[in-house]
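A quick write-up on the structure given underneath.
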Amino acid sequence: QEAFAQGRTVTGKVTDQATGQPLPGVAVIVQGTTVGTSTNVEGAYTINVPAGGTALQFRYIGYETTTREIGNASTIDVALGVNAQQLQEVVVTALGVEREERSLGYSASTVQSEEITRARATSPMNSLQGKVAGVNITTASGQPGASTKVILRGYSSIGGDNNPLYVVDGTPITNGSGNYSAGGVNRTQDFGNRANDINPDDIASITILKGAAATSLYGSRAANGAILITTKRGQAGEKPKIEVTSSATLSRPLFLPQLQNRFGQGWSARFAFEENGSWGPKFDGRQRVWGNVVNNSQQLKPFVAQEDNLKDFFETGQAYLNTVSVSGGSEQSTYYLSYSNATENGIIPTNADQYDRNTVALRGSTKGEKLSASSSLNYVRKDASVVTTGQGGGGTTLFQEIIQIPRDISIVDFEDLDNPFNTNDNYFTLYAQNPYWPLKMNGNDLEENRFFGNITLDYKLNSWLTLSARGGGDVAAGVLKDWIRPYDYTPGSPNATASPSEGFVAEINTLARELNSDIIASTNNDLTENIHLNALAGFNVNERYGKNTTASITNLSIPDFFDLSNTTDPVTATTLTQQRRLIGVYGQTEFSFMDYLFLTLSARNDWSSTLPKNDNSFFYPAANVAWVFSDMFTDLPSALSYGKIRASWGQAGNDAPVYSIDPVFVPGGTGLGFGTINFPIAGINAFELSNQIGNRQLQPEITTEMEVGTNLGFFENRVNVDLAFYNRKTTDQILAVPVDPTSGFTTQIQNFGEVRNRGVELLLSGSPIQAGDFSWDVRYNFTKNDNEVTELKEGLDEVLLTSVFGIRFVAEKGEPLGVFRGIDYQRDSQGRIIVNPATGYPLAGEEVKFGTAQPDFTMGLYNTFNYKDFSLSFGFDYRKGGLFYSYTQRLTQFVGNSTNTLYNDRLPFIVPNSVVTVDADEDGVPDVNGEGDLVTVPNTTPIEADHVVDYWNPSSNPPIERDHLRERDFLKMRELTLGYNLPTTFIERTPFSNANISFVARNVFVWTPDNNNIIDPESTTFGNDLLSEFGEFAGGPTTRSFGLSLKFGF
Amino acid sequence: CDDFLDVNTDPNNPINAPVELLFPAAVISTAGTVGGQYAILGGLWSQYYTQNNASNQYKDIDSYNIISTNTTFAGRYTELYSGALNDYQVIRDRSRTAGQWDAYLMATVMQSYTYQVLTDLYGDISIDEALQGNQGNVNPVFRPGPEVYDTLIARINFALAQEIPEGSASSGLSENDVVFGGDMEQWVRFANTLKLKIFIRQSEARPDVAQAGIEEMYAAGAEFLDTSANVDIFEDVTSRRNPLYEMDQSTALNTNQNLKASLTLFEFLEENTDPRLQALYREATSGGYKGQQQGTFNATTAQLDPLSVSRALIEPDAPVYFISEAESYFLQAEAVLRGWGTGDAAALYNAGVDASFAQLGVDRGGRYPFPGGGFEEQLKAIITQKWVALAGTYQGLEAYFEQLRTGYPDFFDYPVEGVTGGVFAKRLPLPNIVSQRNPNAPQTPVPITTPIWWDIK
């Protein structure tokens, strides 16, 4: 091979295999060397091949990397083919800048349209559950349209927002819920967050930027990462294409409380026909009369368990998701138009859980000599009704009513509200309400119209400088109507001593508006043959505005007329307006050396309206490095086909809340503990000093994050590893810190403290088998996030997040964010439980830590098998560790329905491992000897059978509250799909260009530890931020769904 | 750019509000607490009521099982300091600067009244350094109870010494005066009666202070309330009702069956065939009137049928009383009885009993004549009748303080489920949200069984 000993020149042209168009900017590299060049505007290149160079490699974003032997050739023309796999390597980064995956010094995960739509979830983010490392995605409940929570790399903010920034086609959208969801223990309605409004079928890809270095260009909005959604567009030069996607799925409860079937209605081990619990005798099958005497008659039924009474209550839910789109383009212009409809009726009987969403999307682009323009416009109309969760007197919420029905009583037989035994007057217990009452008599209706989108203009000033202007907005206007029907009891009727309901009607008008504009100058050119520069500088203006007007009445004059006019009382009206503005300037520079070493520097400065006027400017720098070492070194083992090491550092912020600087006066009134007194009264109005002390030195929360990672490809990228380590610190937490109320105030807004998240994310993907028509692809991800509150204010050990029935959920220094605390048993020095010697009941002791809500680790596993035209895929999602609070557990335990109340077959028992203090005073209060040690001896006093009920009741045994925390572990089969592409031979005889039919299923099964047989640990009634980690309060079941999906194009 | 970003002024809430709009908010905060949760506390501890055995709500109160972590009473403490006292303070600060002495007297009297309730419940409280959170002091120091009393007297005296308008308060203030409709003569009487109440409370612990203070008032010709100082604007509309009714009887709770007739007051009334019984308690669901022994809330429904026991009778539009007419007469009667005031103790006693019957709309008949005999017997009659009279105005807490001070009535039953080993409750423990957040607050909880400083009898 002497002939090649000396260098020589090779020329050629690179074109697109499909269109034949020249491809400019293609990297041409002499394989195994650092010698390279790129193609010019005509796709042509010239390269000097050094001695020993044997092959040329052609690399271009989105195309198959191609290698050609040089041999004797002096001209090598190449037509590059688009590769779906390679497409993933184009990543949309902050501000919509498209970059090559290889050039990124941070982790960015992109999920393609196919993954997003495969199992036909109505909300796009739900399809990503368990698929991306470092991303926690949870659906609040099984109700149609329920909130989806997305948390990237753990919770960073104790008191602020932990949701990522959602960006659609370069413009941020609102993700609020419009204050429709109250969240928490009281009557709550979850109409979902607005990121769920996007039609999944319109999405081309979703890129998740997890770290602060990746999102720093979004400045004070990006501390929680960003979700960048890129929508589908027409392709230039594409013939008009019509795509139709249609699916119908059915749903059933995934996980219902598993309740005991041994004991029936009653209390204190005796039958009682009016009790809302199963503390009665053992089932014996005898005929018993039960419930109230109505018109001198009473109902009769055998005393046996109704094992399926809960299951029978739920109906089969239905969901339809249909999209039709038309797209195409000329050489200069493209268009995409779609319409979709999602219609769901959930598993609750009646239409109380209903979700109807219509979307229209229109996108276009046109390209001129210098000026090009594109637009993305979306309209959403949403109509929804939800079943309320939480607690509320007088049958205003559903689930608390059904879980306390005794085990021997059929629920579905209560459906007929006209049946005299089922009326409010005569329902079998006065301690609860017929569950069909809230379903049939109360309700709500949301109607929201939303428009979001943007228009972008690009003007090419010269060969190296482009000016872009992008203006966008998101306007959502909604009306929620909410009503509770009043009722009174007939005097003398069995339930006459229960509290009547006055009824309630509310209308909430919501406007949420976000306007955002950017002007960006960008350049993209070669500084030298080997150094390429990509740079941009920009200016951003953002405004967010929200206005809620709520009008409500009580004391309805006509019981079934739900209108604000229907009362003798004054209408209560409140408005809430919030406005904030942000100005930012930013810049980013990316140097690339030889297409294997990349350095990106970025910086942003923000001026925020919510900060003190003289100190409202904040600076957010970031830097990252990517080094594709496999392209630099030639002598790597052949098994390693790709290797990249990346490192990044960056800062981002979480802006201060509005109106937190100056003190104000607020409308007068007083909470009574239960109920309130509000002004005006007797024609007198009043105002009072706000209870929050403002802060004139307020700053944003600052997140500083460092990340290192690697991407490795083995065996011609058949096996891929993506590994990341990160360390994120969030300082200057903004919190309304409780102060001693003696100061006249209850809270003070302050910056302090630090939360650290550090962890590891691993994504392993591979194609173990690729043989002929058969292939197997597998992906596995693992996440371990170590979350810790590393600092709080001096003198402050904890911040209370929420507290429910003696369980406190706190942010505690040195612990993960979200620790459960509560009263423990009183214990002796050996840890034995001290009981009251007279009753045998445990005594309440000190408050202790029970555990944390945070998981030890999570992981996901996805498999796809392809055989000829068949495709089978399924995925699992596993979470290990952590606790959650369950009111469903508490209430079922209180009424004797839960299985743990079967302890010792409800026979008299001595509290295990219990002792009594022998030197106790006569009064039963344990005495302490001089050393402070208790003298204890084993307890011999049993809890009698008729008092077993009180053992499970926290008001007589407070430490039993601990039992309401359950283990959060679960394993879920998230997806199962079996698809069939109609064969080409068949398609050719139809007007279709492609057609696919699939069986789809989501949340196929769930496994939980024995400790939790009560509710899906993912369900929550506490919104979609940190508080949601607390758990649930009479939330409903989650669902499994299965159905058919059709997809065809022509 | 600066203008563009200048949008952080809260459009939802005013930056300022005039004193005449602050006053009713503060008074309602006081009334919502003393006429709400404290009326329940006092009603149970004064043994007007006891917890029903088929429901749960007030078991902790009825059994004296209240510790520093109790959130109910932490909430009330918070409401009084940050919902009432702070607004009175804003009014006092502003009106003092402006020389608006009508508003100053009204705010000072109401604030002093509220402070006395707090110090009588908790002993040491914060007063001179309190309410300064927005001036940089979030950790105020606490003062011993006697110092608090002395401060209150000094403040009221200072307010009374100013040029208070004759007749009506200024126009905006009068319309928003939910206590006396701007009648400044009544406010002066309220101030005097409050002073009398503060002095009388010290009759055992600091009799010389009490005597000197009361004698000085009588020497100066102080006039006392001959009508009730109360808020009488409630109506049977959600969130506009009497606070005790709203929180206990309306739909805020799942059941309105919690407060039952305590046998202690029930039997006293029954033995005297006192028609106030029917005005204080409802007929039982299953008919007739019946009481329940104090603290028997754990009795099974087989042992005690809850439908057979009378419930508390509370009206949705009942006023909240700060000092009732009867109470004023009983205070004066005691001052005269002790020889510190001038007048006819028997007449004042009779005026008190009459006022109580009249207020409940029933006939006294010849009941409860003022006894002859010595001081102790007459004091017993005054305080026992005050106890009954305060039941009609839902002022059980005041009756309980007076029982602690004097030992009358002397027939209270220790609640059956009491957790304090036979010792009656003497106070409330300071909420832990105070001691945890404020290093200058007392750090060791004082047990519920430790007497307040004036309770030495």
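The values are calculated or read from the model by the stated rules, or taken from the named source; none is laboratory data. None of the values given here were measured: they were computed from a predicted structure. All Cβ positions, glycine included, derive from the backbone under ideal geometry; neighbour counts span all protein chains shown. Each accessible area value is taken on the protein alone, full model and side chains, heavy atoms only, with ligands, DNA and RNA left out. Shrake-Rupley method; radii C 1.70, N 1.55, O 1.52, S 1.80 Å.
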Scanning region A:432-460 residue by residue, the ones that are among the hydrophobic types (A, V, I, L, M, F, W, C), open to solvent by less than 50 Å² (accessible area, probe 1.4 Å) and in a strand (DSSP E or B) total 2
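This table checks each residue for (1) acidic (Asp, Glu); (2) surrounded by 22 or more Cβ atoms within 10 Å (Cβ to Cβ); (3) modelled with pLDDT of 95 or more.
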| position | (1), (2), (3) |
| --- | --- |
| A:Val935 | no, no, no |
| A:Pro958 | no, no, no |
| A:Met973 | no, no, yes |
| A:Thr990 | no, no, no |
| A:Ala995 | no, no, no |
| A:Pro1009 | no, no, yes |
| A:Thr1021 | no, yes, no |
| A:Gly1035 | no, yes, no |
| A:Phe1050 | no, no, no |
Going through region A:641-659 in order, the residues found to be farther than 23 Å from A:Ala214 by Cβ, surrounded by fewer than 19 Cβ atoms within 10 Å (Cβ to Cβ) and either touching a helix residue (DSSP H, G or I) at 6+ places or on another chain (Cβ under 6 Å) or at pLDDT 90 or above (or both) are A:Pro657
Is it fair to say A:Thr34 is buried (at least 16 other Cβ atoms within 10 Å of the Cβ) and part of a loop (DSSP other than H, G, I, E, B)?
yes
Assess whether A:Ala269 counts as being of a type in the set (A, V, I, L, M, F, W, C) and either within 27 Å of A:Glu944 (Cα to Cα) or not assigned by TED's automatic domain parsing to the domain that holds A:Leu461 (or both).
yes
Going through region A:814-857 one residue at a time, which ones are among the aliphatic types (A, V, I, L, M), touching a residue at least 60 places away in the same chain (Cβ under 8 Å) and open to solvent by less than 40 Å² (accessible area, probe 1.4 Å)?
A:Leu817, A:Ile833, A:Ile834, A:Val835, A:Leu843, A:Ala853
What tally of residues in region B:2-25 results from selecting those that are among the hydrophobic types (A, V, I, L, M, F, W, C), crowded, with 16+ Cβ neighbours inside 10 Å, at the interface with chain A (Cβ under 7 Å from one of its Cβ atoms) and within 37 Å of the chain's Cα centre (by Cα)?
4
Of (1) within 30 Å of B:Phe266 (Cα to Cα); (2) at the interface with chain A (Cβ under 7 Å from one of its Cβ atoms); (3) at pLDDT 95 or above; (4) touching a strand residue (DSSP E or B) at 6+ places or on another chain (Cβ under 6 Å), B:Gln37 fails just (4)
Considering each residue of region A:671-708, count those that are within 12 Å of another protein chain (Cβ to nearest Cβ), among the hydrophobic types (A, V, I, L, M, F, W, C) and not in a loop (DSSP other than H, G, I, E, B), and give that number.
6
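Restricting to region B:437-446, count the residues that are assigned to a loop (DSSP other than H, G, I, E, B), open to solvent by 70 Å² or more (accessible area, probe 1.4 Å) and either within 14 Å of chain A (Cβ to nearest Cβ) or acidic (Asp, Glu) (or both).
Residues meeting the conditions: 4.
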Please determine, by comparing only the residues of region B:139-177 that are within 13 Å of chain A (Cβ to nearest Cβ) and within 24 Å of B:Thr97 (Cβ to Cβ), which one is most open to solvent (accessible area, probe 1.4 Å).
B:Glu175
Selection from region A:529-581 of residues that are farther than 30 Å from A:Asn442 by Cα, surrounded by fewer than 15 Cβ atoms within 10 Å (Cβ to Cβ) and of a type in the set (Val, Ile, Thr)
A:Ile531
Would you call A:Asn345 out of contact with any Asp or Glu (no Cβ under 9 Å at 6 or more places or on another chain) and in the same structural domain as A:Asp197 (by TED's automatic domain parsing)?
no
Among B:Tyr414, B:Tyr400, which is open to solvent by less than 20 Å² (accessible area, probe 1.4 Å) and more than 16 Å from B:Ala326 (Cβ to Cβ)?
B:Tyr400
Test: residue in region A:1011-1018 that is part of a strand (DSSP E or B) and touching a residue at least 24 places away in the same chain (Cβ under 8 Å)
no
In region B:119-135, which residue that is assigned to a loop (DSSP other than H, G, I, E, B) and either within 9 Å of chain A (Cβ to nearest Cβ) or among the hydroxyl-bearing types (Ser, Thr, Tyr) (or both) is nearest to B:Ala425 (Cα to Cα)?
B:Ser126
Considering region A:690-736, residues that are among the aromatic types (Phe, Trp, Tyr) and modelled with pLDDT of 95 or more, and then whichever is least open to solvent (accessible area, probe 1.4 Å), we arrive at A:Tyr726
The conditions are (1) within 14 Å of another protein chain (Cβ to nearest Cβ); (2) on the phi > 0 side of the Ramachandran plot; (3) open to solvent by 20 Å² or more (accessible area, probe 1.4 Å), and B:Gly221 fails exactly one of them. Which is it?
(1)
Only residues that are surrounded by 14 or more Cβ atoms within 10 Å (Cβ to Cβ) and of a type in the set (Phe, Trp, Tyr): list them for region A:765-795, please.
A:Trp776, A:Tyr780, A:Phe782
Subset of region B:420-436 that is part of a helix (DSSP H, G or I) and aliphatic (A, V, I, L, M) - its residue that is surrounded by the most Cβ atoms within 10 Å (Cβ to Cβ):
B:Val434
Filter result for A:Arg604 (in a strand (DSSP E or B) and away from chain B (no Cβ under 13 Å))
yes
Evaluation of B:Leu265 against (1) touching a strand residue (DSSP E or B) at 6+ places or on another chain (Cβ under 7 Å); (2) more than 8 Å from chain A (Cβ to nearest Cβ) (one fails), failing number
(1)
Please determine, by comparing only the residues of region B:242-260 that are out of contact with any Ser or Thr (no Cβ under 6 Å at 6 or more places or on another chain) and more than 7 Å from chain A (Cβ to nearest Cβ), which one is most open to solvent (accessible area, probe 1.4 Å).
B:Tyr245
